[in-house]
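Visitor: Below you'll find the structure I mean.
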Amino acid sequence: MQKKSDIGIFEYGIRDLKHGIPDVVEKNIKPKVVVYTNVSREHTQVLGVKNSFEDYVKAKTLLSKNMKDGIVVANADDPIICNIGQEKQNDGHVVYYGFNVDNIEDDTDVSVMCPKCNKPLTYSHKYMNQRGVYSCSCGFKRCEPDVKITKYSIENNKNIITIDANVYNYFVDENISFTLDLELPLFGVHNVYNVLAATSTYACFTPKPENIEEKLKNYFNNMDLSILPPGRFEVLEYADKLVGIGQGDNGDALKVNYDYMNHFIQGNDYEFIYCTPDVNEEEIFEDHLNILKKINPTHITVIPGRVSVDVAKTYYTQIKDNNLNASFKSIEYDFEKRASGIIDSINESEYKYVVVSGCGEEHDVWNVTLNKLKE
(Lines give C-alpha, C1' and ligand atoms only; values in the text may rest on other atoms or scores of the structure.)
Protein backbone atom coordinates (compact mmCIF):
# COMPACT_ATOMS: atom_id res chain seq x y z
CA MET A 1 0.00 0.00 0.00
CA GLN A 2 1.34 3.42 -0.91
CA LYS A 3 2.06 5.68 2.05
CA LYS A 4 0.64 9.18 2.04
CA SER A 5 4.18 10.52 2.23
CA ASP A 6 4.96 8.90 -1.13
CA ILE A 7 3.00 11.19 -3.41
CA GLY A 8 3.66 11.30 -7.13
CA ILE A 9 2.78 14.52 -8.93
CA PHE A 10 2.13 15.02 -12.63
CA GLU A 11 2.18 18.41 -14.27
CA TYR A 12 0.67 19.27 -17.63
CA GLY A 13 3.75 19.30 -19.86
CA ILE A 14 3.29 16.36 -22.27
CA ARG A 15 2.44 17.85 -25.68
CA ASP A 16 0.98 15.02 -27.75
CA LEU A 17 1.15 11.28 -28.39
CA LYS A 18 4.13 11.62 -30.74
CA HIS A 19 6.27 12.98 -27.93
CA GLY A 20 5.22 10.84 -24.96
CA ILE A 21 3.33 7.87 -23.55
CA PRO A 22 1.37 9.54 -20.72
CA ASP A 23 -0.86 6.55 -19.92
CA VAL A 24 2.15 4.22 -19.55
CA VAL A 25 4.02 6.72 -17.40
CA GLU A 26 0.92 7.26 -15.23
CA LYS A 27 0.46 3.52 -14.80
CA ASN A 28 4.04 3.07 -13.54
CA ILE A 29 4.32 6.18 -11.37
CA LYS A 30 0.80 5.97 -9.90
CA PRO A 31 0.57 9.67 -9.04
CA LYS A 32 -1.70 10.96 -6.30
CA VAL A 33 -2.20 14.31 -7.99
CA VAL A 34 -2.33 15.55 -11.57
CA VAL A 35 -2.28 19.32 -12.07
CA TYR A 36 -3.79 20.83 -15.22
CA THR A 37 -3.18 24.49 -16.11
CA ASN A 38 -4.45 25.23 -19.65
CA VAL A 39 -4.98 23.64 -23.05
CA SER A 40 -4.48 25.90 -26.06
CA ARG A 41 -4.17 25.29 -29.79
CA GLU A 42 -1.09 27.50 -29.65
CA HIS A 43 0.70 24.74 -27.74
CA THR A 44 0.39 22.31 -30.62
CA GLN A 45 2.68 24.41 -32.81
CA VAL A 46 6.30 23.32 -32.51
CA LEU A 47 8.98 24.81 -34.78
CA GLY A 48 6.34 26.00 -37.22
CA VAL A 49 4.63 22.60 -37.50
CA LYS A 50 1.04 22.19 -36.37
CA ASN A 51 0.52 18.91 -34.54
CA SER A 52 -2.84 17.22 -33.98
CA PHE A 53 -4.90 19.14 -31.41
CA GLU A 54 -6.99 16.03 -30.82
CA ASP A 55 -3.86 14.03 -29.92
CA TYR A 56 -2.72 16.86 -27.68
CA VAL A 57 -6.01 16.84 -25.75
CA LYS A 58 -5.94 13.03 -25.61
CA ALA A 59 -2.43 13.11 -24.13
CA LYS A 60 -3.55 15.51 -21.43
CA THR A 61 -6.55 13.33 -20.62
CA LEU A 62 -4.41 10.18 -20.40
CA LEU A 63 -2.30 11.77 -17.66
CA SER A 64 -5.07 11.08 -15.15
CA LYS A 65 -7.33 8.64 -16.99
CA ASN A 66 -6.53 5.58 -14.86
CA MET A 67 -5.96 7.37 -11.55
CA LYS A 68 -8.54 6.10 -9.05
CA ASP A 69 -7.16 7.23 -5.69
CA GLY A 70 -5.95 10.80 -5.80
CA ILE A 71 -6.80 14.39 -6.71
CA VAL A 72 -7.08 16.16 -10.03
CA VAL A 73 -6.30 19.88 -9.71
CA ALA A 74 -7.97 21.59 -12.66
CA ASN A 75 -8.28 25.09 -14.07
CA ALA A 76 -12.06 25.67 -14.10
CA ASP A 77 -11.65 28.66 -16.43
CA ASP A 78 -10.30 26.47 -19.25
CA PRO A 79 -13.15 24.56 -20.94
CA ILE A 80 -11.16 21.48 -21.97
CA ILE A 81 -9.54 21.10 -18.57
CA CYS A 82 -12.86 21.65 -16.82
CA ASN A 83 -14.28 18.84 -18.96
CA ILE A 84 -11.38 16.55 -18.03
CA GLY A 85 -12.13 17.33 -14.38
CA GLN A 86 -15.85 16.61 -14.77
CA GLU A 87 -15.09 13.23 -16.33
CA LYS A 88 -12.87 12.34 -13.34
CA GLN A 89 -15.30 13.32 -10.59
CA ASN A 90 -16.58 9.75 -10.14
CA ASP A 91 -13.03 8.41 -9.68
CA GLY A 92 -11.87 10.71 -6.89
CA HIS A 93 -11.58 14.28 -5.80
CA VAL A 94 -11.36 17.10 -8.34
CA VAL A 95 -10.29 20.53 -7.08
CA TYR A 96 -11.06 23.45 -9.39
CA TYR A 97 -9.34 26.82 -9.36
CA GLY A 98 -10.09 30.02 -11.27
CA PHE A 99 -10.83 33.73 -11.23
CA ASN A 100 -13.89 35.46 -9.79
CA VAL A 101 -13.22 39.13 -10.55
CA ASP A 102 -14.61 41.69 -12.99
CA ASN A 103 -11.54 43.86 -13.59
CA ILE A 104 -9.54 41.30 -15.59
CA GLU A 105 -11.01 41.03 -19.06
CA ASP A 106 -9.79 39.89 -22.48
CA ASP A 107 -11.65 41.21 -25.52
CA THR A 108 -10.15 38.63 -27.89
CA ASP A 109 -12.85 37.64 -30.37
CA VAL A 110 -12.06 33.95 -30.85
CA SER A 111 -14.66 31.19 -31.12
CA VAL A 112 -14.07 28.44 -28.54
CA MET A 113 -15.78 25.11 -29.11
CA CYS A 114 -17.52 23.04 -26.46
CA PRO A 115 -15.48 19.92 -25.54
CA LYS A 116 -18.74 17.96 -25.15
CA CYS A 117 -20.64 18.72 -28.38
CA ASN A 118 -18.26 20.91 -30.44
CA LYS A 119 -20.69 23.82 -30.64
CA PRO A 120 -19.43 27.38 -29.94
CA LEU A 121 -19.33 28.22 -26.23
CA THR A 122 -21.05 31.33 -24.91
CA TYR A 123 -18.88 33.47 -22.62
CA SER A 124 -20.28 35.83 -20.00
CA HIS A 125 -16.70 36.89 -19.18
CA LYS A 126 -13.25 36.17 -20.65
CA TYR A 127 -10.18 36.45 -18.45
CA MET A 128 -7.47 35.43 -20.90
CA ASN A 129 -7.77 33.83 -24.34
CA GLN A 130 -10.01 30.75 -23.91
CA ARG A 131 -10.14 31.06 -20.11
CA GLY A 132 -13.26 32.57 -18.61
CA VAL A 133 -16.87 31.94 -17.54
CA TYR A 134 -18.68 29.93 -20.24
CA SER A 135 -21.63 27.67 -20.96
CA CYS A 136 -23.09 25.66 -23.83
CA SER A 137 -26.60 24.86 -25.01
CA CYS A 138 -25.82 21.16 -24.43
CA GLY A 139 -25.60 21.80 -20.67
CA PHE A 140 -21.84 21.91 -20.30
CA LYS A 141 -20.62 24.87 -18.25
CA ARG A 142 -17.75 26.08 -16.12
CA CYS A 143 -17.50 24.52 -12.67
CA GLU A 144 -17.46 26.82 -9.67
CA PRO A 145 -13.82 27.14 -8.48
CA ASP A 146 -12.90 25.77 -5.04
CA VAL A 147 -9.86 28.06 -4.98
CA LYS A 148 -10.49 31.45 -6.56
CA ILE A 149 -9.15 34.95 -6.86
CA THR A 150 -11.80 37.33 -5.56
CA LYS A 151 -9.79 40.58 -5.66
CA TYR A 152 -7.10 41.74 -8.09
CA SER A 153 -5.29 45.04 -8.54
CA ILE A 154 -1.88 46.46 -9.47
CA GLU A 155 -0.48 48.79 -6.84
CA ASN A 156 3.06 50.05 -6.15
CA ASN A 157 4.51 47.74 -8.82
CA LYS A 158 2.88 44.69 -7.23
CA ASN A 159 0.04 42.33 -8.08
CA ILE A 160 -2.33 42.56 -5.11
CA ILE A 161 -4.66 39.55 -4.93
CA THR A 162 -7.06 37.86 -2.52
CA ILE A 163 -7.59 34.10 -2.74
CA ASP A 164 -10.61 32.47 -1.10
CA ALA A 165 -10.59 28.69 -0.80
CA ASN A 166 -12.66 25.77 0.42
CA VAL A 167 -10.69 22.76 -0.69
CA TYR A 168 -10.30 19.04 0.03
CA ASN A 169 -7.11 18.06 1.88
CA TYR A 170 -5.69 14.59 1.23
CA PHE A 171 -4.15 14.11 4.67
CA VAL A 172 -7.03 15.19 6.92
CA ASP A 173 -9.59 13.76 4.46
CA GLU A 174 -11.92 16.74 4.71
CA ASN A 175 -12.33 20.25 3.36
CA ILE A 176 -10.36 23.19 4.71
CA SER A 177 -11.13 26.89 4.24
CA PHE A 178 -8.80 29.87 4.16
CA THR A 179 -8.35 33.38 2.78
CA LEU A 180 -5.04 34.75 1.52
CA ASP A 181 -4.10 38.36 0.83
CA LEU A 182 -0.92 38.32 -1.26
CA GLU A 183 1.50 40.79 -2.82
CA LEU A 184 3.08 39.20 -5.89
CA PRO A 185 5.82 40.42 -8.24
CA LEU A 186 4.81 42.32 -11.33
CA PHE A 187 4.29 39.39 -13.67
CA GLY A 188 1.51 38.60 -16.11
CA VAL A 189 -1.96 37.15 -15.55
CA HIS A 190 -0.76 33.73 -16.79
CA ASN A 191 1.62 33.64 -13.82
CA VAL A 192 -1.22 34.58 -11.47
CA TYR A 193 -2.94 31.45 -12.76
CA ASN A 194 0.22 29.52 -11.90
CA VAL A 195 0.07 30.92 -8.35
CA LEU A 196 -3.50 29.64 -8.11
CA ALA A 197 -2.46 26.20 -9.35
CA ALA A 198 0.40 26.03 -6.83
CA THR A 199 -1.81 27.26 -3.98
CA SER A 200 -4.47 24.67 -4.81
CA THR A 201 -1.96 21.82 -4.93
CA TYR A 202 -0.30 22.85 -1.65
CA ALA A 203 -3.68 23.18 0.07
CA CYS A 204 -4.62 19.66 -1.04
CA PHE A 205 -1.43 18.04 0.24
CA THR A 206 -0.03 19.96 3.20
CA PRO A 207 -0.06 17.65 6.24
CA LYS A 208 -0.49 20.73 8.48
CA PRO A 209 -3.43 22.70 7.10
CA GLU A 210 -3.55 24.80 10.25
CA ASN A 211 -0.35 26.53 9.02
CA ILE A 212 -1.45 27.00 5.42
CA GLU A 213 -2.05 30.77 5.49
CA GLU A 214 1.24 31.49 7.25
CA LYS A 215 3.27 29.24 4.93
CA LEU A 216 1.74 30.49 1.69
CA LYS A 217 2.00 34.15 2.67
CA ASN A 218 5.62 33.68 3.70
CA TYR A 219 6.44 32.09 0.36
CA PHE A 220 4.50 34.24 -2.07
CA ASN A 221 5.04 37.61 -0.37
CA ASN A 222 8.79 37.02 -0.55
CA MET A 223 8.79 35.77 -4.12
CA ASP A 224 10.87 37.62 -6.69
CA LEU A 225 11.14 37.45 -10.45
CA SER A 226 14.16 35.13 -10.31
CA ILE A 227 11.71 32.22 -10.06
CA LEU A 228 10.42 32.86 -13.58
CA PRO A 229 11.69 30.57 -16.33
CA PRO A 230 13.74 32.12 -19.16
CA GLY A 231 11.79 34.39 -21.48
CA ARG A 232 8.82 35.05 -19.18
CA PHE A 233 7.38 38.55 -19.44
CA GLU A 234 8.62 41.15 -16.95
CA VAL A 235 7.98 44.86 -16.51
CA LEU A 236 10.88 47.01 -15.33
CA GLU A 237 12.04 50.60 -15.26
CA TYR A 238 14.94 51.35 -17.58
CA ALA A 239 16.36 54.85 -17.94
CA ASP A 240 13.27 57.06 -18.19
CA LYS A 241 11.08 54.32 -19.71
CA LEU A 242 8.81 51.54 -18.50
CA VAL A 243 9.72 48.41 -20.45
CA GLY A 244 7.72 45.19 -20.69
CA ILE A 245 9.88 42.43 -22.13
CA GLY A 246 9.51 38.70 -22.68
CA GLN A 247 9.16 35.94 -25.21
CA GLY A 248 5.92 35.70 -27.17
CA ASP A 249 6.57 32.97 -29.71
CA ASN A 250 2.90 32.45 -30.56
CA GLY A 251 -0.16 34.66 -30.84
CA ASP A 252 -1.48 33.59 -27.45
CA ALA A 253 1.70 34.61 -25.64
CA LEU A 254 2.13 37.87 -27.57
CA LYS A 255 -1.43 38.94 -26.72
CA VAL A 256 -1.01 38.02 -23.04
CA ASN A 257 2.21 40.05 -22.83
CA TYR A 258 0.58 43.11 -24.40
CA ASP A 259 -2.56 42.84 -22.24
CA TYR A 260 -0.46 42.90 -19.10
CA MET A 261 1.63 45.86 -20.25
CA ASN A 262 -1.55 47.68 -21.22
CA HIS A 263 -2.33 48.04 -17.50
CA PHE A 264 0.46 50.64 -17.51
CA ILE A 265 0.13 52.11 -21.02
CA GLN A 266 -3.53 53.07 -20.46
CA GLY A 267 -4.06 54.79 -23.80
CA ASN A 268 -0.64 56.49 -24.05
CA ASP A 269 1.61 56.25 -27.10
CA TYR A 270 4.03 53.32 -27.02
CA GLU A 271 6.71 51.46 -28.96
CA PHE A 272 6.41 47.76 -29.83
CA ILE A 273 9.76 46.10 -30.57
CA TYR A 274 8.69 42.99 -32.45
CA CYS A 275 11.08 40.04 -32.84
CA THR A 276 10.07 37.97 -35.87
CA PRO A 277 9.65 34.21 -36.39
CA ASP A 278 11.84 32.29 -38.85
CA VAL A 279 11.52 30.46 -42.16
CA ASN A 280 8.62 27.96 -42.17
CA GLU A 281 7.02 29.79 -39.24
CA GLU A 282 4.53 31.74 -41.35
CA GLU A 283 1.62 30.53 -39.20
CA ILE A 284 3.22 32.05 -36.13
CA PHE A 285 3.69 35.32 -38.00
CA GLU A 286 0.05 35.34 -39.15
CA ASP A 287 -1.03 34.99 -35.51
CA HIS A 288 1.37 37.77 -34.50
CA LEU A 289 0.21 40.02 -37.33
CA ASN A 290 -3.43 39.65 -36.30
CA ILE A 291 -2.51 40.75 -32.77
CA LEU A 292 -0.41 43.70 -34.00
CA LYS A 293 -3.28 44.86 -36.24
CA LYS A 294 -5.70 44.65 -33.32
CA ILE A 295 -3.55 46.56 -30.81
CA ASN A 296 -2.12 48.97 -33.46
CA PRO A 297 1.02 50.23 -31.63
CA THR A 298 2.08 53.85 -32.13
CA HIS A 299 5.29 52.55 -33.71
CA ILE A 300 6.71 49.09 -34.38
CA THR A 301 10.43 48.34 -34.64
CA VAL A 302 10.84 45.00 -36.43
CA ILE A 303 13.94 42.98 -35.47
CA PRO A 304 14.93 39.46 -36.67
CA GLY A 305 14.02 37.14 -33.82
CA ARG A 306 15.51 33.93 -35.12
CA VAL A 307 18.04 32.96 -37.80
CA SER A 308 16.91 34.51 -41.09
CA VAL A 309 17.25 38.26 -41.60
CA ASP A 310 15.76 37.95 -45.10
CA VAL A 311 12.52 36.38 -43.88
CA ALA A 312 12.34 39.04 -41.14
CA LYS A 313 12.39 41.66 -43.90
CA THR A 314 9.56 39.84 -45.65
CA TYR A 315 7.50 39.89 -42.45
CA TYR A 316 8.30 43.60 -42.03
CA THR A 317 7.00 44.28 -45.56
CA GLN A 318 3.73 42.54 -44.70
CA ILE A 319 3.41 44.62 -41.53
CA LYS A 320 3.87 47.80 -43.58
CA ASP A 321 1.38 46.54 -46.17
CA ASN A 322 -1.20 46.40 -43.39
CA ASN A 323 -0.78 50.14 -42.80
CA LEU A 324 1.05 49.76 -39.49
CA ASN A 325 3.68 52.38 -38.61
CA ALA A 326 6.88 50.34 -38.63
CA SER A 327 10.62 50.43 -39.27
CA PHE A 328 13.15 47.62 -39.70
CA LYS A 329 16.42 47.06 -37.83
CA SER A 330 18.68 44.52 -39.53
CA ILE A 331 20.79 42.55 -37.04
CA GLU A 332 22.81 39.47 -37.96
CA TYR A 333 22.29 36.13 -36.24
CA ASP A 334 24.44 36.72 -33.19
CA PHE A 335 22.90 36.51 -29.71
CA GLU A 336 24.94 39.32 -28.16
CA LYS A 337 24.27 41.59 -31.13
CA ARG A 338 20.56 40.79 -31.04
CA ALA A 339 20.38 41.61 -27.32
CA SER A 340 22.35 44.81 -27.83
CA GLY A 341 20.14 45.70 -30.80
CA ILE A 342 17.02 45.37 -28.70
CA ILE A 343 18.49 47.62 -26.02
CA ASP A 344 19.61 50.15 -28.65
CA SER A 345 16.04 50.22 -29.97
CA ILE A 346 14.69 50.83 -26.47
CA ASN A 347 17.15 53.71 -26.01
CA GLU A 348 16.30 55.15 -29.42
CA SER A 349 12.56 55.03 -28.87
CA GLU A 350 10.88 58.38 -28.27
CA TYR A 351 8.13 56.76 -26.21
CA LYS A 352 7.92 56.33 -22.44
CA TYR A 353 6.31 52.88 -22.75
CA VAL A 354 8.03 50.08 -24.67
CA VAL A 355 6.86 46.50 -25.26
CA VAL A 356 9.46 43.95 -26.43
CA SER A 357 8.10 40.57 -27.48
CA GLY A 358 8.04 37.94 -30.21
CA CYS A 359 10.39 35.08 -31.09
CA GLY A 360 13.93 34.38 -30.00
CA GLU A 361 16.02 31.90 -28.05
CA GLU A 362 14.95 31.83 -24.40
CA HIS A 363 18.36 31.78 -22.73
CA ASP A 364 20.52 33.37 -25.37
CA VAL A 365 18.41 36.39 -26.29
CA TRP A 366 15.76 37.13 -23.69
CA ASN A 367 17.85 36.41 -20.61
CA VAL A 368 20.91 38.20 -21.99
CA THR A 369 18.76 41.23 -22.84
CA LEU A 370 17.07 41.24 -19.43
CA ASN A 371 20.39 40.96 -17.62
CA LYS A 372 21.80 43.85 -19.62
CA LEU A 373 18.77 45.99 -18.83
CA LYS A 374 18.98 45.16 -15.12
CA GLU A 375 22.67 46.02 -15.02
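The values are calculated or read from the model by the stated rules, or taken from the named source; none is laboratory data. Keep in mind it's a predicted model, so treat the numbers as computed, not measured. Heads up, the Cβs are rebuilt from the backbone with ideal geometry, glycines too, and the neighbour counts pull from every protein chain shown. Remember, those area values only see protein heavy atoms, side chains included, never the ligands or the DNA or RNA. Shrake-Rupley method; radii C 1.70, N 1.55, O 1.52, S 1.80 Å.
Visitor: Compute the acute angle (0 to 90°) between the alpha-carbon long axis of helix 79-88 and the principal axis of greatest extent of the alpha-carbon atoms of the chain; round to the nearest 10°.
Guide: 20 degrees
Visitor: Moving to a separate point now. How big is the Rg/Rh ratio for segment 111-173, C-alpha atoms only, Rh by Kirkwood, two decimals? Please list the in-between numbers first.
Guide: On the way: Rg = 15.8 Å, Rh = 14.3 Å.
For segment 111-173, the value is 1.10.
Visitor: Also, quick follow-up: Tell me, what % of the accessible area of segment 269-375 is carbon and sulfur with a 1.4 angstrom probe? Could you put the intermediate results ahead of the total?
Guide: Values: 1880 of 4670 Å².
Taking all protein chains in place, segment 269-375 shows 40 percent carbon and sulfur surface.
Visitor: Let me ask another. So what's Rg/Rh here for segment 136-206, counting alpha carbon atoms and using the Kirkwood radius for Rh?
Guide: On the way: Rg = 14.2 Å, Rh = 13.5 Å.
Reported Rg/Rh, Kirkwood definition of Rh: 1.05.
Visitor: 7 Å from Cα along Cα→Cβ at both D269 and E348: what's the point-to-point distance in nm?
Guide: Calculated label separation equals 1.7 nm.
Visitor: Could you state how much accessible area V133 has, in square angstrom rounded to the nearest 10, with a 1.4 Å probe and all protein chains kept in place?
Guide: Accessible area of V133: about 40 Å².
Visitor: Hey, can you grab everything whose amide H is under 5 Å from the amide H of Y270? Only 5+ residues off in sequence or another chain; H modelled, so Pro and N-termini drop out.
Guide: The list, which skips near neighbours in sequence, is T298, H299.
Visitor: Write out the cysteines belonging to the chain for which the nearest other cysteine Cβ is not under 4.7 Å, or none if no such cysteine exists.
Guide: C82, C143, C204, C275, C359
Visitor: Continuing with the same structure: Can you give the angle from 0 to 90° between the axis of helix 251-265 and the longest principal axis of the chain, with both taken from C-alpha atoms, to the nearest 10?
Guide: The two axes meet at around 80 degrees.
Visitor: Among G246, N221, F205, whose Cα projects farthest towards the positive end of the dipole of segment 175-250, with charges put on the beta-carbon of Lys, Arg (+1) and Asp, Glu (-1)?
Guide: The one lying farthest along the dipole's positive direction is F205.
Visitor: Restricting to segment 202-305, what percent of DSSP beta bridges are antiparallel, rounded to 5?
Guide: Numbers: 5 of 10 bridges.
About 50 percent, rounded to the nearest 5.
Visitor: Moving on. What value, in deg cm²/dmol to 500, does the helix sum -39500 (n - 2.57) over DSSP H runs of n ≥ 4 give at 222 nm once divided by the residues of the chain?
Guide: Working: 10 runs with 117 residues, N = 375.
Rounded to the nearest 500, it is -9500 deg cm²/dmol.
Visitor: Give the residue from Y353, L121, I163 lying farthest towards the positive end of the charge dipole for the chain; charges sit on Cβ (+1 for Lys and Arg, -1 for Asp and Glu) and the dipole is referred to the Cα centre.
Guide: Of the options given, the answer is L121.
Visitor: Note the angle between two axes, namely the Cα long axis of helix 282-295 and the longest principal axis of the Cα atoms of the chain, as a number of degrees from 0 to 90, rounded to the nearest 10.
Guide: Approximately 80 degrees, to the nearest 10.
Visitor: Per residue, what accessible area does segment 170-220 have, given a 1.4 Å probe and all protein chains present, in Å²? Before the final figure, lay out each step's value.
Guide: Details: 2210 Å² over 51 residues.
In whole numbers, segment 170-220 has 43 Å² accessible per residue.
Visitor: Another question about this same structure. In 5 Å bins starting at zero, report the fraction of Cα pairs in segment 276-362 per bin as a rounded %.
Guide: Going out from 0 Å in 5 Å bins, segment 276-362 shows 3, 14, 28, 26, 21, 8, 1 percent.
Visitor: When DSSP beta bridges are limited to those with both residues in the chain, what percentage is antiparallel, rounded to the nearest 5? It would help to have the intermediate numbers written out before the result.
Guide: Numbers: 33 of 64 bridges.
Roughly 50 percent of the beta bridges in the chain run antiparallel, per DSSP.
Visitor: Oh, and also: Once both labels are modelled 7 Å past Cα along the beta-carbon direction, what's the N211-T314 spacing in nm?
Guide: Each label point is offset 7 Å from its Cα along the Cβ direction, giving 5.9 nm.
Visitor: Still on this model: Test of understanding: what is the full-extension gain from K116 to N66, defined as 0.36 nm times their sequence separation minus their Cα-Cα distance?
Guide: 16.0 nm
Visitor: Then there is this: What ratio of Cα Rg to 2.2 N^0.38 Å holds for the chain? The partial results should precede the final answer.
Guide: On the way: Rg = 21.4 Å, N = 375, 2.2 N^0.38 = 20.9 Å.
Dividing the Cα radius of gyration by 2.2 N^0.38 Å gives 1.02.
Visitor: Distances over 24 Å make up what percent of all Cα-Cα pairs in segment 194-332?
Guide: 44 percent
Visitor: Related question: For segment 205-280, report the % of Cα-Cα distances exceeding 15 Å. Don't skip to the end; give the middle numbers.
Guide: Values: 1952 of 2850 pairs.
When every Cα pair of segment 205-280 is considered, 68 percent fall beyond 15 Å.
Visitor: If you place +1 on the Cβ of every Lys and Arg, -1 on the Cβ of every Asp and Glu, and leave all else neutral, what size is the dipole of segment 275-375 about its Cα centre, to the nearest 20 Debye? Before the final figure, lay out the partial values.
Guide: Values: 11 positive and 18 negative charges, 96 e Å.
Magnitude of the dipole: close to 460 debye.
Visitor: From largest accessible area down, sort M223, M261; use a 1.4 Å probe on the protein chains. Working shown, then result.
Guide: Numbers: M223 25, M261 0 Å².
Heavy-atom accessible area, descending, gives M223, M261.
Visitor: Could you give log10 I(q)/I(0) at q = 0.18, 0.27 Å⁻¹ for segment 303-343, computed by the Debye formula over C-alpha point scatterers of equal weight, without solvent?
Guide: -0.49, -0.89
Visitor: Shape call for segment 64-161 from the C-alpha gyration tensor, a ≥ b ≥ c root eigenvalues: rounded (a/c under 1.5), prolate (a/b greater than b/c) or oblate?
Guide: On the way: a/c = 2.72, a/b = 1.29, b/c = 2.11.
Oblate shape, in that a/c is at least 1.5 and b/c is the bigger or equal ratio.
Visitor: Using 31 Å as the Cα-Cα cut-off, could you pick out the over-long pairs in K68/K151; K30/K126; K58/K208; K116/K158; K151/K208; K151/K352?
Guide: In this structure, K68/K151; K30/K126; K58/K208; K116/K158 exceed 31 Å between Cα atoms.
Visitor: DSSP loop chymotrypsin sites (Phe, Trp or Tyr not before Pro) in segment 196-293 with at most 10 other Cβ atoms within 10 Å of their Cβ, which ones?
Guide: Details: sites: Y202, F205, Y219, F220, F233, Y238, Y258, Y260, F264, Y270, F272, Y274, F285; in loops: F233.
Sparse-neighbourhood loop chymotrypsin sites (Phe, Trp or Tyr not before Pro): none present.
Visitor: Right, another one. Could you report the accessible area of E144 in Å², rounded to 10, computed with a 1.4 Å probe on the protein chains as they sit in the structure?
Guide: Only protein atoms counted, so the area is about 110 Å².
Visitor: What is the local net charge at C82, summed over the other residues whose Cβ is closer than 9 Å to its Cβ (Lys, Arg +1; Asp, Glu -1)? List each step's numbers first, then the result.
Guide: Details: positive: K141, R142; negative: D77, D78.
Its environment carries a net charge of 0.
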